[in-house]
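The values are calculated or read from the model by the stated rules, or taken from the named source; none is laboratory data. Computed from a prediction, not measured in an experiment: that's the story for all the values here. Here the Cβ positions follow ideal geometry from the backbone for every residue, glycine too, while neighbour counts run over all protein chains shown.
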Amino acid sequence: MQGELDVVVATTAFGMGVDKAEIRFVLHYDHPASLEAYAQEAGRAGRDGNEAYAILLSHSQTQSTERFIARQGIPDTRVLRAYQHALLATDDEGSSSVRLADGMVLCDPDALANLAHIEPTQARVLLFSFEEAGLVQRGPDCTLEATMLLNQPVSTVLATIVDDEERTRAASLFDSLGAAQDMQVSYRAAQVYEQTGIDPRTIDALLVRLAERDLLLYRAYHRGITLTLSEHLAQQGELEAIEQRFANRYARFEERLNTMLDYIKLRPGNHHCRSAALINYLTGRDDAPLCGKCDLCSPTSQHLPWDPGIRLYGEPLAVDLRLSILGAVRDHNGIFAPRTIEKMLLGIPQTNYQGKVFLLSASARASDHFGELDGTGAKPERVQRTIAALTEGGFLQLNERTLPSNGTKYTAIALTQRGRDALAGGVELPEYREIEVKL
Ligand SMILES: [Zn+2]
């Protein structure tokens, strides 16, 4: 901040709150997942109004990493159901949770995660999504476990409490903990609540106040959450609504990512301009003036401190789309619809059908073929056309199939003997150029 450093290398998390006006260069080593993020990050350059540059390096593989990370956040039905059961089990006899007088449940979020066999971080996301769906309502957090040590005899500490009700509560608490001067005792909310009926939500405030006056030491080391469970929590349809919400969120992510990619792919000509494209996108208008300085609209580019025409390519990697498709169908023979095979190979965890977003099944998302074409530059239309050509050529066939769970009919794709032979290398495949992949 003192201006002593020439260059700072940082992740995007850096500098969210740093407002430094005289930044001359923002160099992105990789593109962010949205144009909004890019505008914000690149917008750190030149806040003092003087000339500044933003350079964006991009790599075709980055989008697969971003999709991968975004997919991690999508729970499948099994996980949602497991978490639902864990929440419902807080009411069970023998659970570690405590049902308080007003119907709220005090529970340990990590124990909930354990019970559902999921990571605590994922459990936090799930809890939020259940909250969002109105299936649980969160109350104040409070301490589940702590240690306490009185610096004074019990009677001295109690004598300092003016409020009668509070003094009675403290006396009852100390009694149940077996507290005595200079002796460390453990506080466990569930136990104390059972023995004394003292609402655990009142204990933190009480003990913190006493600790502030040096009457005791209070160290809370395990926080719990309080929840009100909705009567709808047990309903299956509610989980589907949550899944749909995750699917919609991913759809928005995908849309934003594509806008970022389109921006990267802009080439000179047709009145293209980086600055105008960004401003138009962010304002929703289409009349931003050309900047005259960017790699797209500068008449000469000669004042730029770098060569905007530079392109770095790795070795081309050849992917035979036809074999990828046949291999994926072989491993999920007669199960998936053609569009599921397509999305699976492209690493897109959901599909749009008749205007609705459907999450790919857990088995499609878990497949070894998931994302096989990620980063290869393969386009959905290309995959669709190849599937059609393979079907036409008798390598694949379409069969009517009925979903065992709900009787829905759909068209599934299966491998024919000819397709098997082709995979084994015994039969010529329909003529289709291999995709050239730029790394
Ligand atoms: Zn421009």
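Of note:
- In this structure, E41 does not qualify as on the phi < 0 side of the Ramachandran plot and loosely packed, with under 13 Cβ neighbours inside 10 Å.
- Applying the set (1) assigned to a helix (DSSP H, G or I); (2) away from the ligand (no atom under 16 Å from the Cβ); (3) over 21 Å from I74 (Cα atoms) to A277 leaves exactly one unmet item: (2).
- Candidate set from the range 254-274 (those that are within 16 Å of the ligand (Cβ to nearest atom) and hydrophobic (A, V, I, L, M, F, W, C)); member that is modelled with the lowest pLDDT: L266
- Note on the range 280-293: among residues that are modelled with pLDDT of 85 or more and assigned to a loop (DSSP other than H, G, I, E, B), the one that is nearest to the ligand (Cβ to nearest atom) is C291.
- None of A234, A241 is assigned to a loop (DSSP other than H, G, I, E, B) and more than 28 Å from I55 (Cα to Cα) except A234.
- Screening E238 with (1) in contact with a His (Cβ under 6 Å, 6 or more places away or on another chain); (2) within 16 Å of the ligand (Cβ to nearest atom) gives one miss only, at (2).
- Matching strands (runs of 3 or more DSSP E) fully within the range 376-439 where at least 1 residues are aliphatic (A, V, I, L, M), within 19 Å of L345 (Cα to Cα) and modelled with pLDDT of 90 or more: 396-402, 409-415
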